[in-house]
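Please read the structure below before turning to the comments.
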Amino acid sequence: MIYLDYQATRPLAPEAKEAMLRWLDGPDGTGFGNPHSSHRLGRQAEAAVEVARERVAALFPTGGRVIFTGSATEALNLALRGSEPSRAGKPIAVSAIEHSAVLDTALDLPGDTTILPVDNDGFVDREVPFPPVVGVVSVMQVNNEIGTIQPTAALHARARAAGALFVCDAVQAAGKVPIAEADVIAISAHKFHGPKGIGALWVRDGVELHPLVTGGGQEGGLRSGTLSPALCAGMGAAAQLALERMEADAAHVAALWDRARELFAGWELNGPAERRWKGNLNIRRDGLDVARLMSDVREVMFSAGSACASESGKPSRILGAIGLTQTEARGSVRIGFGRYTTMDELERAAGMLIRAAAQQG
Ligand code: PLP
């Protein structure tokens with residue numbers, strides 16, 4: 001099996017797994033404590049959670065706090081729904097290529113949602129008009145389907161000048177590139193070789209959010225419920241490793257990207273060639289039947305546009321937003337690679353995909 005679907009999820013880093021095992025039950029059976037209990041077992045678990053929180057916080061800008069959540073989707077819901085009282089009915093503006101965790105949540109909230117258009121490479125213009133009165137602007141840092149890196153710093157400055165909260169979905173940026181400035185930022189551990197089932201929301205000091213989940217008052221009252229020390233420790237270890245290896249991982253990804261572009265020379269690139277994350281190659285070929293390609297090349301785990309879009313069978317909304325026709329979107333594949341992908345795996349997978357595509361005529 002060759003795994004080339006790094007935007008959907010990433011293999012668990014051995015270092016993260018090791019950190020988790022200690023807090024599942026541990027070699028001497030003392031790792032199962034409730035981090036909110038005040039006895040020794042609880043305090044040990046709490047200490048592990050706080051070490052993890054510091055490691056995760058190191059991914060973010062300074063001047064804020066980290067709230068653990070069950071996923072980035074939950075973190076984004078907390079950001080958008082939790083800002084309702086301060087938004088006070090003012091419109092929300094989101095980019096046209098946001099993940100559904102942002103778009104569907106924004107559309108579900110009362111009041112107007114403005115969709116900020118993108119160009120043919122998926123970029124939001126840094127001077128894009130916001131609604132005359134705006135409460136929240138939400139633009140992602142790195143797109144999950146086409147890799148575009150948005151000018152979030154400029155958009156954040158403009159949102160601040162307009163008196164709006166700037167929310168950033170940094171799920172595909174965290175651990176790969178430095179996370180850009182924003183007011184509220186969401187990330188997910190499994191996208192940087194941590195475990196699934198845990199995400200985090202970073203909240204700038206002074207930003208007030210309203211909780212979605214109430215109860216025991218954990219996470220400063222913003223997200224009640226007992227934390228899993230094992231998941232926190234896994235996320236913390238993965239964050240620490242990602243920071244240590246950021247340059248080396250990026251150099252490896254750039255080398256894989258250059259080779260992949262050579263191998264797929266006859267295919268059209270979807271999304272930008274520059275100002276992008278290079279571990280995400282979204283390409284298309286006229287008349288390609290992606291469903292047939294997937295069944296012909298079962299050894300390679302790749303994606304048709306995006307994992308979510310392929311489940312629904314609908315052509316990708318993101319590829320539509322950058323101007324592709326439905327046929328072009330249907331003939332597109334997303335190949336995602338990273339830290340543990342070898343050059344040999346990439347070359348073998350490309351060989352299989354290119355041969356199978358050529359056989360389609
Ligand atoms: N935002 C982006 C850009 C993503 O790629 C994803 C997952 O694919 C999410 C949000 C949601 O993350 P999770 O499924 O971990 O909640």
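Listing for the model above:
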read-out	value
Total residues in segment 153-187, condition within 13 Å of the ligand (Cβ to nearest atom) and not in a loop (DSSP other than H, G, I, E, B)	6
Sole exception among (1) more than 30 Å from Ala153 (Cα to Cα); (2) surrounded by 16 or more Cβ atoms within 10 Å (Cβ to Cβ); (3) away from the ligand (no atom under 16 Å from the Cβ) for Ala16, by number	(3)
Entirely in segment 210-319, the helices (runs of 4 or more DSSP H) that have 2 or more residues that are open to solvent by less than 20 Å² (accessible area, probe 1.4 Å)	229-244, 246-263, 290-296
Val203 being more than 11 Å from the ligand (Cβ to nearest atom), under 27 Å from Met235 (Cα atoms), part of a strand (DSSP E or B) and among the aliphatic types (A, V, I, L, M)	yes
Residue satisfying condition, being surrounded by fewer than 24 Cβ atoms within 10 Å (Cβ to Cβ), within 16 Å of the ligand (Cβ to nearest atom) and either closer than 24 Å to Leu241 by Cα or of a type in the set (Phe, Trp, Tyr) (or both), within set Gly26, Gly63, Gly31, Gly70	Gly70
Residue match in segment 41-60 (condition: farther than 24 Å from Leu241 by Cβ, free of Cβ contacts under 8 Å to residues at least 40 places away in the same chain and of a type in the set (S, T, N, Q))	no
Index of the failed condition, His190 passing every other in (1) within 14 Å of the ligand (Cβ to nearest atom); (2) buried (at least 24 other Cβ atoms within 10 Å of the Cβ); (3) of a type outside the set (Lys, Arg); (4) not in a loop (DSSP other than H, G, I, E, B)	(2)
Unmet requirement for Ser228, which otherwise passes all of (1) modelled with pLDDT of 95 or more; (2) within 16 Å of the ligand (Cβ to nearest atom); (3) within 30 Å of Asn77 (Cβ to Cβ); (4) under 19 Å from the mean Cα position of the chain (by Cα)	(4)
Sole residue being in contact (Cβ under 8 Å) with a residue 60 or more places away in the chain, in contact with a Gly (Cβ under 6 Å, 6 or more places away or on another chain), more than 11 Å from the ligand (Cβ to nearest atom) and of a type outside the set (S, T, N, Q), chosen from Gly122, Gly111	Gly122
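The values are calculated or read from the model by the stated rules, or taken from the named source; none is laboratory data. All figures in this text were calculated on a predicted structure; none of them were measured in a lab. Neighbour counts run over all protein chains shown; Cβ positions are idealised from the backbone, glycine included. Calculation scope for accessible area: heavy atoms of the full protein, side chains included, ligands and nucleic acids excluded. Shrake-Rupley method; radii C 1.70, N 1.55, O 1.52, S 1.80 Å.
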